[in-house]
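Here is the structure we will look at.
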Amino acid sequence: MPCYRHHNIRSCPLVVILALVVFGLLGCESEPRPVRPEAVVQAVPVDALVVDAFTDGEFGAHIIETVAGDVATVNPLVNESVGGSVVIGRILDSLISLDPKSGEVIPNLAKSWEISEDRMQYTFYIREGVYWSDGHPFTAEDVVFTWQTFFAKKRDPDTGELLLGDDGRPLYRYNSRSTFGQQINGQEPQVEMIDDYTVRFTTPEVYAPFLLFGGGEEILPKHILYESYQDGTLLDQWSVETAINEPWKIVGLNMFVLESYRPGERMVFARNPNYWKVNSQGQRLPYVDRIISKIVQDANSSNVAFAQGQTDFESIGPDNVAWVRRGEERFDYTVLDMGPSNTTNFIWFNLNPGTNSEGQPYIAPYKFEWFSDKRFRQAISYGINREGIIRGVFFNRADILNGYVSPKRKFWYNDDIRKYPYQVQKSRELFREMGFEYRDEQLFDGGGRRVEFSLITNSNNGLRVEMATVFKENMAALGIEVELQFLDFNTIVTKISDAFEYEACMLGLGGGAPDPYAGKDILMSGGRMHFWYPQQQAPATEWEARIDELMREVGRHTDVDTRKKYFNEVQAILAEQQPFIFLVSAKDYAGYRNRWRNVEPTPLGGLTWNTESLWAEVSE
């Protein structure tokens, strides 16, 4: 799986697949497959961004890569999958970007911006003459439309009055991650189009990271999606069916378009003929003609393909580094140690007190009582042998993760938090404090019930499967029975964000945005990714209410030391309460075939942050 700067369809029964094939054959004459329209190639933009930091190269090479996991949707408003993120990140683009070396905000589709003295107005000046991949002009109207999709309200079809939720707040038509993520302490920023190339945002209060997060939103094409926005089908657009049958309808501003998609097999991205960056000769970038993304079942399969010389760029698992390096000379590639990563791995328990459609609680009441007691979570944390995981699973190519922030993010990292070294005796003391007891080395609660629970994790991540196995063994040493359930990623997403039919889960996060407010959707109680109990109407606990309050302060202050003080307390609360039981953070390793030129890896950008400038000689 490649290191790009930008984080499985359930299989059908054979009889259904055969039926579809027969239906397709019978219907070919009456319902011909849509034909891709010819792209309208526009002139190079007046404000094209000249990329002159690299040597000019040769056009026409293909990048071959693997992607671990399939696509569930390519609609950015609802996407939760790795495969979907790969597609979206290649096609859509934003007003600002991040410098891959310094992490500073730099111009992108916006060539410049102004911030008012009171730091509540942000005016972006958009590059003139930029076109969408289908040749339609890109203007400030697209930016305004994108934000309208976040905050469009539900209204009574007869009276036109706003519909309100149980909390008295308006209900949103298209409740996406950005609907919550772009609110500022529960209030919406205002956006207005000044002219075709100027857009202004007004925030309800000082909001330190708005330039990064507001300017970093991926922009949607109004001319393509406005009709569905109006008729209520916006969240159904850019589906898997679109990707298969009419991929040209997924238009964007980034350097590639989706040329074709075969579920379970591959995605092919073609060069965007209207891309807005050029080289020093004024030639449109990128140099690469196509990226062919082969879909594989897991990261190990991806690493094997790279080690056999079948792919060009790869993120290499710590457990695979040694044997992959043995092929460097034979297959003419290079493996790099990229240092500590931003990735985190953790376990959490389902703390959602709700009930399903049949009125049954998501979690058995007695187990909910266990999980809700911080002593239970702390006892579990003390009972995990993280050093053993590092040795046995990662071959010493990982670090213990004590809290929410990876040590790689040095400025925001708080080392002065409660830590949980491997102490089985401490675990047992906490259980006894809760009124639990041991019978023949098996743990029972105060009601005489055996302590046991199930843990789900994604089957296509070999390292996580191994970590779950070690965790099960660690828990057995505490007298706890853990049932492991290895599921495909899309099934897990449904369970943790919709059905809530699970007891505990092991997953991870990556990326490591340079601002702590990037974690708002995870850390604040109303967030969609507040995994242990998402989208709370009001904070369920006092400590969650305190985190909400602290995160609001992190957002509203501009002094970095003040922000750091508040975020340090957030980390301390998380460490004490253990809603996330953190495990380890792997080290980063990456590889590339030596035929590629202009490869300049950075810790923040990885190997391919400058994809538009990568080139290779094209064989005749």
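Under the rule of -39500 (n - 2.57) per DSSP H run of 4 or more residues, summed and divided by the residues of the chain, what mean residue ellipticity at 222 nm is obtained, to the nearest 500 deg cm²/dmol?
Only helices count here, giving -8000 deg cm²/dmol.
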Quiz item: Looking at Tyr125, Thr242, Gly186, which one has the Cα that reaches farthest to the positive end of the dipole of segment 122-262 (charges on Cβ: Lys, Arg +1; Asp, Glu -1)?
Solution: Gly186
Quiz item: Quick one: how many Å² of Lys419 are accessible to a 1.4 Å probe, rounded to 10?
Solution: 70 Å²
Quiz prompt | Cβ-based charge dipole, segment 391-503, positive-most Cα from Gln442, Ala398, Asn474 | solution = Ala398
Quiz item: Which values of log₁₀ I(q)/I(0), to two decimal places, follow from the Debye formula for segment 31-112 at q = 0.13, 0.14, 0.15 Å⁻¹ with a uniform point scatterer at every Cα?
Solution: -0.76, -0.88, -1.01
Exercise. Treat every Asp and Glu Cβ in segment 132-249 as -1 and every Lys and Arg Cβ as +1, leave all other atoms uncharged, and give the resulting dipole magnitude about the Cα centre to the nearest 20 debye.
Key: 260 debye
Quiz item: Given segment 272-343, what whole percent of its Cα pairs are spread farther than 22 Å?
Solution: 43 percent
Quiz item: Placing +1 at every Lys and Arg Cβ and -1 at every Asp and Glu Cβ, with all other atoms neutral, what dipole size does segment 343-403 have around its Cα centre, in debye to the nearest 20?
Solution: 220 debye
Exercise. For the chain, go through all pairs of different Cα atoms, get the mean of 1/r, take its inverse, and jot down that Kirkwood value in Å.
Key: 26.1 Å
Quiz prompt | Dipole in debye (nearest 20) - segment 45-113, about Cα centre, beta carbon charges: Lys, Arg +1; Asp, Glu -1 | solution = 160 debye
Quiz item: Of Gly135, Ser116, Gln148, which is farthest along the charge dipole of segment 111-156 in the positive direction, counting Lys and Arg as +1 and Asp and Glu as -1 at C-beta?
Solution: Gln148
Quiz item: Just how much of Trp412 is accessible, in Å², when a 1.4 Å probe is used and the result is rounded to the nearest 10?
Solution: 20 Å²
Quiz item: Using just the C-alpha positions of segment 434-586 as equal point scatterers, what log10 of I(q)/I(0) does the Debye formula give at each q in 0.08 1/Å?
Solution: -0.30
Exercise. Holding the Cα-Cα limit at 23 Å, pick out from Lys111/Lys249; Lys111/Lys277; Lys111/Lys222; Lys222/Lys495; Lys419/Lys587; Lys520/Lys587 the pairs that are longer than that.
Key: Lys111/Lys249; Lys222/Lys495; Lys520/Lys587
Quiz item: Using the Cβ atoms and a cut-off under 10 Å, what net charge is assigned to the surroundings of Val206, where Lys and Arg are +1 and Asp and Glu are -1?
Solution: 0
Quiz item: Taking all pairs of different Cα atoms in segment 460-517, averaging 1/r and flipping that mean, what Kirkwood radius in angstroms comes out?
Solution: 13.4 Å
Quiz item: Could you sort Glu617, Glu329, Glu192, Glu503 by accessible area so the largest value comes first, with the probe set to 1.4 Å?
Solution: Glu329, Glu617, Glu192, Glu503
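Calculate the all-directions average of the projected area of segment 509-620's alpha-carbon convex hull, and give it in nm². If you can, show how the numbers build up before the last one.
Working: hull surface 41.3 nm².
Over all viewing directions, segment 509-620 projects a mean Cα-hull area of 10.3 nm².
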Self-check item: Stokes-Einstein diffusion coefficient of segment 437-486, Kirkwood radius over Cα pairs, 20 °C, 1.002 mPa s, in µm²/s
Solution: 185 µm²/s
Quiz prompt | Listed residues Arg563, Arg326 arranged by accessible area, highest first, probe 1.4 Å | solution = Arg326, Arg563
Quiz prompt | For segment 50-180: Kirkwood Rh in Å [reciprocal of mean 1/r, alpha carbons] | solution = 18.8 Å
Practice problem: Order the following by accessible area, largest value first: Met338, Met193. Probe radius 1.4 Å; ligands, DNA and RNA are ignored. | Solution: Met193, Met338
Exercise. Under 10 Å from the Cβ of Pro534, count the other residues' Cβ atoms, weight Lys and Arg +1, Asp and Glu -1, and hand me the total.
Key: -1
Exercise. Determine the sum of side-chain charges near Ala140: Lys and Arg each +1, Asp and Glu each -1, restricted to other residues whose C-beta is under 12 angstrom from that of Ala140.
Key: -3
Quiz item: How big is the accessible area of His223 in square angstrom, nearest 10, if you roll a 1.4 angstrom probe over the protein chains?
Solution: 70 Å²
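The values are calculated or read from the model by the stated rules, or taken from the named source; none is laboratory data. Keep in mind the model is a prediction, meaning the values are calculated, not measured. With ideal geometry, Cβ positions are generated from the backbone for all residues, glycine too; neighbour counts draw on all protein chains shown. The accessibility values were calculated without ligands, DNA or RNA, using every heavy atom of the protein model including side chains. Shrake-Rupley method; radii C 1.70, N 1.55, O 1.52, S 1.80 Å.
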